[in-house]
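Reading through the structure tokens given below for one structure.
The values are calculated or read from the model by the stated rules, or taken from the named source; none is laboratory data. Please read these numbers as outputs of a predicted model, since none were measured by experiment. Neighbour counts are summed over all protein chains in view; Cβ atoms, including those assigned to glycine, are modelled from backbone coordinates with ideal geometry.
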Amino acid sequence: MSQLPDTPLLDTVPTPAELRRLKPAQLRQLADELRAETISAVGTTGGHLGSGLGVVELTTAIHYVFDTPRDRLVWDVGHQCYPHKILTGRRDRIRTLRTGGGLSGFTKRTESEYDPFGAAHSSTSISAALGFAIANKLTGSPGKAIAVIGDGAMSAGMAYEAMNNAEQAGNRLVVILNDNDMSIAPPVGGLSAYLSRIVSSREFLGLRETLKKFARKLPRPIHSAAKKTDEFARGMTMGGTLFEELGFYYVGPIDGHNLDHLIPVLENVRDAEEGPILVHVVTKKGKGYAPAENAADKYHGVQKFDVITGAQAKAPPGPPSYQNVFGETLAKLAETDTRICAITAAMPSGTGVDKFAQAHPTRAFDVGIAEQHAVTFAAGLAAQGMRPFCAIYSTFLQRAYDQVVHDVAIQNLPVRFAIDRAGLVGADGATHAGSFDVTYLASLPNFVVMAAADEAELVHMTYTAAEHDSGPVAVRYPRGNGIGIDLPVVPEKLEIGKGRVVREGKSVAILSLGTRLGEALKAAEALEAKGLSTTVADLRFAKPLDEALIRRLLTTHEVAVTIEENAIGGLGAHVLTMASDQGLIDAGLKLRTMRLPDRFQDQDKPELQYDEAGLNAAHIVDTVLKALRHNSEGLVDARA
């Protein structure tokens with residue numbers, strides 16, 4: 001392949017097809033350029049950096065050795081896929097990462113044929129890749145499936161469930177374990193690379209298969225002894241006994257930054273007739289960028305930053321974040337209540353549990369990426385008289401819904417769910433939006449479901465949850481900072497199922513749940529300017545509803561509107577059901593519900609997402625005026 005002397009290699013490889021025309025000796029330069037491009041792009045956009053830097057060489061090697069996109073490459077979580085996107089025809093858009101109308105921060109099927117499976121939650125890759133591999137096997141289609149899974153994702157049971165069922169995929173399935181924390185790996189070096197190259201070679205695998213066939217013809221005790229001897233010998237020299245027991249042929253560990261080691265091993269794996277195969281690759285998170293390598297979190301997620309210094313753009317000082325308000329409040333409550341415990345699933349800083357852990361280390365539990373275990377573990381604690389708070393993002397709690405129902409709700413155990421990232425979340429997009437928790441929790445018997453309108457309300461609700469011992473309780477709150485309201489010195493125990501009126505009027509009633517309260521108050525001002533006296537209520541509880549307050553508002557106001565940061569089936573649906581059950585609809589009720597649209601919204605700034613969703617003050621005013629026109633003129637309301 002010809003190129004000008006000063007032409008960067010990366011400019012000559014818009015897709016993996018061009019990459020595969022390079023000589024092996026050119027790959028080091030390409031990887032260096034790919035790393036520099038990744039750093040530059042994330043410096044412009046912000047996003048996940050350390051994980052991507054750790055897999056630059058691995059990404060290069062995979063696309064060089066395997067025939068992507070025919071060979072299906074599935075990234076676990078997908079937050080490490082920025083170098084992959086650069087190499088697969090998206091370099092010209094890489095500086096639109098995580099912005100409205102731009103590239104997703106994760107893999108996405110609609111974005112590229114090189115993203116065969118979308119991901120943003122952990123530990124799905126092996127199951128998905130197994131599906132691709134078996135489908136090819138059943139249809140006689142060519143192509144392998146390669147799953148790249150990080151060692152952190154191996155803390156989730158789903159990965160092992162997939163591996164336990166992978167044997168029938170044979171050599172069509174390759175799993176690459178990206179061990180970037182040395183949590184599994186013994187020391188790696190030249191000897192390990194040499195052994196990996198030998199045991200993954202066609203000659204070795206062919207000889208091994210021949211000996212296995214011969215051994216099967218021996219008496220059973222000798223056959224069993226031969227099998228155990230083979231596994232023991234390879235386990236002693238290379239590790240991987242667990243993976244062998246799950247039906248995988250284990251290769252590794254190898255240096256994931258040494259292309260001279262990676263390429264021959266992956267070529268052997270590609271051509272192997274035995275399988276499935278697990279390749280254990282050791283990498284360094286943040287590799288090649290000193291500020292990331294030296295940071296405690298290896299620059300896992302960053303704001304925009306200066307590429308030269310690594311200094312991240314700092315947001316101006318503002319109100320505390322909801323997650324920190326929760327963590328600090330819980331830590332303070334635990335000073336006088338030794339029954340309070342905090343549980344998180346690999347997100348201590350993201351949920352504020354790190355604040356609790358600093359003060360009460362023996363009562364804080366990070367269970368890894370294991371939401372199902374977290375919920376049932378909390379249920380066990382509650383059954384033994386403790387007061388556990390299970391702090392999990394709304395979108396991740398979905399992964400443990402059976403445990404919420406079976407292990408908590410049916411047994412009416414007082415597990416407290418602190419649900420962070422409720423509502424829309426901005427740059428992380430649909431995969432991380434907390435759009436459904438009111439719907440999937442408020443439909444369960446025995447549950448109490450609260451939503452904080454501001455950070456002061458979150459303090460009260462955290463205390464209320466701690467004191468609620470008669471069944472499960474959840475409090476939801478959004479990503480980001482509060483509104484700047486003073487935090488209460490002494491928290492108030494709220495009466496379960498009772499809302500509050502924050503503005504009294506006569507003509508229009510706005511029933512708000514959560515942090516749309518600010519927009520409801522703005523709408524009330526605009527409606528007042530139009531001569532429409534407006535009541536605004538913060539219902540606080542999606543379950544149980546404050547039926548007395550709701551009934552009063554519905555029967556004494558000309559129009560009532562509910563608003564929430566949740567999909568259909570939440571507050572609005574419960575209010576409509578109550579109104580139907582009590583015969584209010586027959587009495588000419590003028591009620592409209594405002595909620596998230598019935599579709600998945602892509603990434604954007606949160607304020608733009610809510611504008612797109614139709615949940616800002618102007619939309620509330622419009623909804624009220626349309627309802628009034630419908631009532632006065634007999635027009636059909638588009639929102640009805």
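Quick look at the values:
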item: Pair list, Cβ under 6 Å, 6 or more apart: the stretch 577-598 residue closer than 14 Å to Glu558 by Cβ, other residue charged (D, E, K, R); result: Arg592/Arg639
item: Selection count, the stretch 325-340, where residues are buried (at least 17 other Cβ atoms within 10 Å of the Cβ) and touching a Gly at 6+ places or on another chain (Cβ under 8 Å); result: 5
item: Candidate set from the stretch 540-554 (those that are in contact (Cβ under 8 Å) with a residue 60 or more places away in the chain and among the hydrophobic types (A, V, I, L, M, F, W, C)); member that is surrounded by the most Cβ atoms within 10 Å (Cβ to Cβ); result: Ala542
item: The lone exception for Asn294 - which of (1) free of Cβ contacts under 8 Å to residues at least 12 places away in the same chain; (2) in contact with a Lys or Arg (Cβ under 6 Å, 6 or more places away or on another chain) it fails; result: (2)
item: Subset of the stretch 119-163 that is assigned to a loop (DSSP other than H, G, I, E, B), small (Gly, Ala, Ser) and at pLDDT 90 or above - its residue that is farthest from the chain's Cα centre (by Cα); result: Gly140
item: Any chance Val449 is crowded, with 23+ Cβ neighbours inside 10 Å, of a type outside the set (Phe, Trp, Tyr), assigned by TED's automatic domain parsing to the domain that holds Val353 and not in a helix (DSSP H, G or I); result: yes
item: Test: residue in the stretch 525-538 that is under 15 Å from Leu571 (Cα atoms) and assigned by TED's automatic domain parsing to the domain that holds Ala617; result: yes
item: Residue count, the stretch 59-84 (criterion: closer than 21 Å to His121 by Cα and more than 19 Å from the chain's Cα centre (by Cα)); result: 5
item: Near pairs, Cβ below 6 angstrom, 6+ apart or cross-chain, from the stretch 49-60 (within 14 Å of Asp32 (Cβ to Cβ) and at pLDDT 95 or above) to any residue that is of a type in the set (Lys, Arg) and not in a helix (DSSP H, G or I); result: Leu53/Lys287
item: Residue match in the stretch 269-282 (condition: touching a Phe, Trp or Tyr at 6+ places or on another chain (Cβ under 9 Å), in a loop (DSSP other than H, G, I, E, B) and surrounded by fewer than 19 Cβ atoms within 10 Å (Cβ to Cβ)); result: yes
item: Tally, over the stretch 125-159, of residues that are touching a helix residue (DSSP H, G or I) at 6+ places or on another chain (Cβ under 8 Å), surrounded by fewer than 24 Cβ atoms within 10 Å (Cβ to Cβ) and of a type in the set (Ser, Thr, Tyr); result: 2
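Matching residues to (1) touching a helix residue (DSSP H, G or I) at 6+ places or on another chain (Cβ under 6 Å); (2) in a helix (DSSP H, G or I):
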| residue | (1), (2) |
| --- | --- |
| Ala342 | yes, no |
| Cys390 | yes, no |
| Val408 | yes, yes |
| Thr439 | no, yes |
